[in-house]
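Heads up, the thing below is written out as structure tokens.
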Number of protein chains: 2
Amino acid sequence: MRIAEAAAACGLSAHTIRFYEKSGMLPEIERGTDGHRRFTPRLIEWLTLLYWLRETGMSLEQMRRFTTLAKAGDAGVEERRQILSDHSATLKVKRATLDKCESILAIKIASYGQNTKEDDP
Amino acid sequence: MRIAEAAAACGLSAHTIRFYEKSGMLPEIERGTDGHRRFTPRLIEWLTLLYWLRETGMSLEQMRRFTTLAKAGDAGVEERRQILSDHSATLKVKRATLDKCESILAIKIASYGQNTKEDDP
DNA sequence: CTATTGACTTAGAGTTGCTCCAACTCGCTA
DNA sequence: TAGCGAGTTGGAGCAACTCTAAGTCAATAG
């Protein structure tokens, strides 16, 4: 699999995949005789996980740490679990933020019917 | 109200408030004889709304547009409503993203018990 | 057998949205 | 009058992309 296909499969752009590689967030990627990257299904899965982590706000720093642990094998499994469950906790907070904002928006939108001066400074 | 209090009240930092002002996302702010900004309750409300919009991912560009419309008064009320309801729709998408990621995390975390090789590249 | 097309490569500049720093002013207390 | 604390400004720095320029390589078209 080449980079364009990989990008389509995992959700990241080709640019971002290269950027992630350079930033040390990916395992070594094999190259073909043409020097182009070749992506295995395993790697696509990894990229897809990174996509979701990033999409929900994990920092590159955290993702780098996570990758480093994964490369180290069994030793880091406990910290890896910790990182993921911490992230899961922050998702709950983010959801509460969305909910709060939605209710503010609903009130605000409703107020426009009554009172067009609502926003004036 | 001075900038520090305003920051505490709306959730934005003093730095960010100044930055938003310079970027044209706030109405004119009065100054005291000392040249310091004075914040009215009205303005605090406005800042609080911006805080929630930004916190949930609205771009500064959108927020600038929204402010411009608000300054224009009644004329822009329809577009303002549109901006807010568009944003509300993107919040629903974001929530779906969070949910999806949470379920991926749950599966991943569970898999660490069974199979510590799970992540290896 | 060249020539062009298209997908890839790299290094590096640009963008967004802050965040912090340096150097300054002002009003106030001691 | 000296120092403190809260504010002021312009500008540098940072994260996480995102895009551009200039080039390589393989394959097909003429």
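The values are calculated or read from the model by the stated rules, or taken from the named source; none is laboratory data. Since the model is a prediction, treat every value here as computed from it, not as a measurement. Because the Cβ atoms are built from the backbone with ideal geometry, glycine has one as well, and the counts that use them run over all protein chains shown. Protein only, heavy atoms only, side chains kept; ligands, DNA and RNA dropped before computing areas. Shrake-Rupley method; radii C 1.70, N 1.55, O 1.52, S 1.80 Å.
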Given (1) facing another protein chain (nearest Cβ under 10 Å); (2) within 12 Å of DNA strand C (Cβ to nearest atom); (3) under 12 Å from the mean Cα position of the chain (by Cα), A:Tyr20 misses just (1)
Could you tell me whether any residue of the range A:88-104 is within 30 Å of B:Arg81 (Cα to Cα) and not in a helix (DSSP H, G or I)? no
Single match in B:Glu5, B:Glu28 (criterion: more than 9 Å from DNA strand C (Cβ to nearest atom), touching a Pro at 6+ places or on another chain (Cβ under 8 Å) and open to solvent by 90 Å² or more (accessible area, probe 1.4 Å)): B:Glu28
May I ask you to list pairs of residues, at least six apart or on different chains, whose Cβ atoms are under 8 Å apart, with the first in the range B:6-17 being within 17 Å of B:His36 (Cα to Cα) and the second being within 10 Å of DNA strand C (Cβ to nearest atom) and of a type in the set (A, V, I, L, M)? B:Ala6/B:Ala14; B:Ala6/B:Ile17; B:Ala7/B:Ala14; B:Ala7/B:Ile17
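Let's see how each residue does on (1) over 15 Å from the mean Cα position of the chain (by Cα); (2) modelled with pLDDT of 90 or more; (3) open to solvent by less than 40 Å² (accessible area, probe 1.4 Å); (4) more than 7 Å from chain A (Cβ to nearest Cβ):
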| residue | (1), (2), (3), (4) |
| --- | --- |
| B:Phe39 | yes, yes, yes, yes |
| B:Leu47 | no, yes, yes, yes |
| B:Phe66 | no, yes, yes, yes |
| B:Arg81 | yes, yes, no, no |
| B:Leu91 | no, yes, yes, no |
| B:Lys94 | no, yes, no, no |
Pick from the range B:49-61 the residues that are open to solvent by 20 Å² or more (accessible area, probe 1.4 Å) and closer than 19 Å to A:Ser111 by Cβ: which of them is nearest to DNA strand C (Cβ to nearest atom)? B:Tyr51
Note on the range A:12-25: residues closer than 24 Å to A:Arg81 by Cβ and either away from DNA strand D (no atom under 11 Å from the Cβ) or open to solvent by 20 Å² or more (accessible area, probe 1.4 Å) (or both) are A:Ser23, A:Gly24
